[in-house]
Amino acid sequence: MERNQLLNLLAAGPVIAAVKGGDGLEAALDSDVPVIFLLSGDILSVADAAARVRKAGKRVFVHLDLIDGLAAREVSADFIARQTAADGIISTKAALTRRGRELGLVTIQRFFLLDSMALDNIQRQKAQDCDLIEVLPGLMPKIIRRVAQLTGKPVIAGGLISDKEDVTSALSAGAVAVSTTNPAVWRM
């Protein structure tokens, strides 16, 4: 999958199911969301989970930082690329997204925007080593717009997205999609 293919998919269905376990995965597989973020699991289960998502006709991204048994090293991206059906990876670490891009994965760098220093960090990095950016929490329309302008990268709003108003607000601010663990939002 290429970045533009993902963006086209998100343009048609901008809600991403972020799942943290088996029950969440089942609900996401039964939903109409086109993309699933795997936010939990371990090295023994991630390949099977990714294969199930792909078999359901959906795209899957693995959050490297949250999979038990994977280290914060580039070899984790190699593992996902070689041993799973994942379309891409998510990480807070630029070295991992850089390696993922080298391997042909679509990469998403996640930023926690806790204060102005975090925003300055995005501006300094320009997130050059990723295809998309995910910002958390996703309830800050002015900041979403600013991040998109500063980086020139497509932005996904994640974290604390709980209803249609949150989705609409993030998309109106320039986010290409929202990610949420809330199954009620997946069904909107």
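The values are calculated or read from the model by the stated rules, or taken from the named source; none is laboratory data. Note that the structure is a prediction, hence the values are computed from the model and not measured. For neighbour counting, all protein chains shown are included, and Cβ atoms are generated from backbone atoms with ideal geometry for every residue, glycine included.
Filtering region 69-95 to residues that are part of a loop (DSSP other than H, G, I, E, B) and hydroxyl-bearing (Ser, Thr, Tyr) leaves Thr84, Thr92.
Scan region 96-111 for residues that are among the aromatic types (Phe, Trp, Tyr) and outside any strand (DSSP E or B) and report the count.
Let us first name the residues in region 96-111 that are among the aromatic types (Phe, Trp, Tyr), namely 111.
If we keep only those that are outside any strand (DSSP E or B) too, we end up with none.
Qualifying residue count, region 96-111: 0.
Suppose we keep only residues that are of a type in the set (Gly, Ala, Ser) and over 24 Å from Thr168 (Cβ atoms) within region 1-26. Which one would you say is modelled with the lowest pLDDT? So, considering only residues that are of a type in the set (Gly, Ala, Ser) and over 24 Å from Thr168 (Cβ atoms), the one modelled with the lowest pLDDT is Gly22. For region 5-21, a residue qualifies if it is more than 13 Å from the chain's Cα centre (by Cα) and in a helix (DSSP H, G or I), and the qualifying residues are Gln5, Asn8, Leu9, Ala11, Ala12. There is no residue in region 57-64 that is part of a helix (DSSP H, G or I), under 28 Å from Ala11 (Cβ atoms) and touching a residue at least 40 places away in the same chain (Cβ under 8 Å).
Checking the conditions here, which among Arg98, Arg82 is out of contact with any strand residue (DSSP E or B) (no Cβ under 7 Å at 6 or more places or on another chain) and under 20 Å from Lys153 (Cα atoms)? Break it down stepwise before answering.
Numbers: Arg82 fails: under 20 Å from Lys153 (Cα atoms).
Only one candidate qualifies: Arg98.
Of the candidates Ser162, Ser169, the single residue that is more than 25 Å from Asp42 (Cα to Cα) and outside any helix (DSSP H, G or I) is Ser162.
Kindly evaluate Val178 against the criterion of being in contact with a strand residue (DSSP E or B) (Cβ under 9 Å, 6 or more places away or on another chain), buried (at least 16 other Cβ atoms within 10 Å of the Cβ) and outside any helix (DSSP H, G or I). Let's see the steps before the verdict.
On the way: in contact with a strand residue (DSSP E or B) (Cβ under 9 Å, 6 or more places away or on another chain): yes; buried (at least 16 other Cβ atoms within 10 Å of the Cβ): yes; outside any helix (DSSP H, G or I): yes.
Criteria met by Val178.
Kindly evaluate Leu114 against the criterion of being surrounded by fewer than 23 Cβ atoms within 10 Å (Cβ to Cβ), out of contact with any Pro (no Cβ under 7 Å at 6 or more places or on another chain) and either part of a helix (DSSP H, G or I) or not hydroxyl-bearing (Ser, Thr, Tyr) (or both). So Leu114 fits the description; yes.
For region 148-174, filtered to residues that are crowded, with 24+ Cβ neighbours inside 10 Å and without any contact (Cβ under 8 Å) to a residue 60 or more places away in the chain, the residue that is nearest to Arg124 (Cα to Cα) is Val155. For region 138-147, give me each residue that is over 22 Å from Leu6 (Cβ atoms) and either assigned to a helix (DSSP H, G or I) or within 13 Å of the chain's Cα centre (by Cα) (or both). If the condition is that a residue be over 22 Å from Leu6 (Cβ atoms) and either assigned to a helix (DSSP H, G or I) or within 13 Å of the chain's Cα centre (by Cα) (or both), then Pro141, Lys142, Ile143, Arg146 are the ones that fit. In this structure, Leu150 does not satisfy being farther than 24 Å from Arg59 by Cα, out of contact with any Pro (no Cβ under 9 Å at 6 or more places or on another chain), aliphatic (A, V, I, L, M) and not in a helix (DSSP H, G or I).
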